[in-house]
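All remarks here apply to the structure that follows.
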Amino acid sequence: DDTVERLAAAESLAEEILVEKQQVVDYDRRRNLNREALNELNKGRAKNANKVWTNFGDVFVKLPRAQTSHIITAEQATLDAAINESRDRIKAKTDRLMALQGESLDPGFRLKGMRVPDI
């Protein structure tokens, strides 16, 4: 009976990990679209325009280029934070999954990348 419970918990945790990974992929796809939009605003046809058409869900709105750029940049920061949080949750859940399976993770799995302020 204990084995069945461990297997069920492991299956549930594995599913959560897959959902988190898909969420990271979705966030990253959106982040890339935003990056493309920022490049278009700064270097493309819109660089000389005062106002640009901006899509918010189902609505298109004409906004000042600087405001649009600020909105996209703020969303990029939010997406970066969400991606990092999801990656941290994936690591924690993977650690728990490995423990449920009686295995241990390689210590290198918990390493975090360095950023400029860390140097």
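The values are calculated or read from the model by the stated rules, or taken from the named source; none is laboratory data. Computed from a predicted structure; not experimentally measured. Here the Cβ is made from the backbone with ideal geometry for all residues, glycine too, and neighbour counts use every protein chain on show. Surface areas here come from the heavy atoms of the whole protein model, side chains and all, with no ligands, DNA or RNA. Shrake-Rupley method; radii C 1.70, N 1.55, O 1.52, S 1.80 Å.
Couple of notes before you dig in:
- Of Asn48, Leu100, Asn34, farthest towards positive along the dipole that unit charges on Lys, Arg, Asp, Glu beta carbons give the range 28-115: Asn48
- The GNM of the chain, with springs linking C-alpha atoms under 10 angstrom apart, assigns the highest mean-square fluctuation among Glu16, Glu85, Glu103 to Glu103.
- Accessible surface ranking that places the most exposed of Ser69, Ser104, Ser86 first, with a 1.4 angstrom probe: Ser104, Ser69, Ser86
- Based on C-alpha pairs under 8 angstrom that are at least 6 apart in sequence, the chain has a relative contact order of 33 percent.
- The chain - charge dipole about Cα centre, Lys and Arg +1 at Cβ, Asp and Glu -1, debye rounded to 20: 1200
- Nonlocal amide H pairs with Thr54, under 5 Å, H built at 1.01 Å: Val61, Lys62, Leu63
- log₁₀ of I(q)/I(0) at q = 0.10, 0.18, 0.19 Å⁻¹ - the chain, Debye sum with one point per alpha carbon: -0.50, -0.97, -1.03
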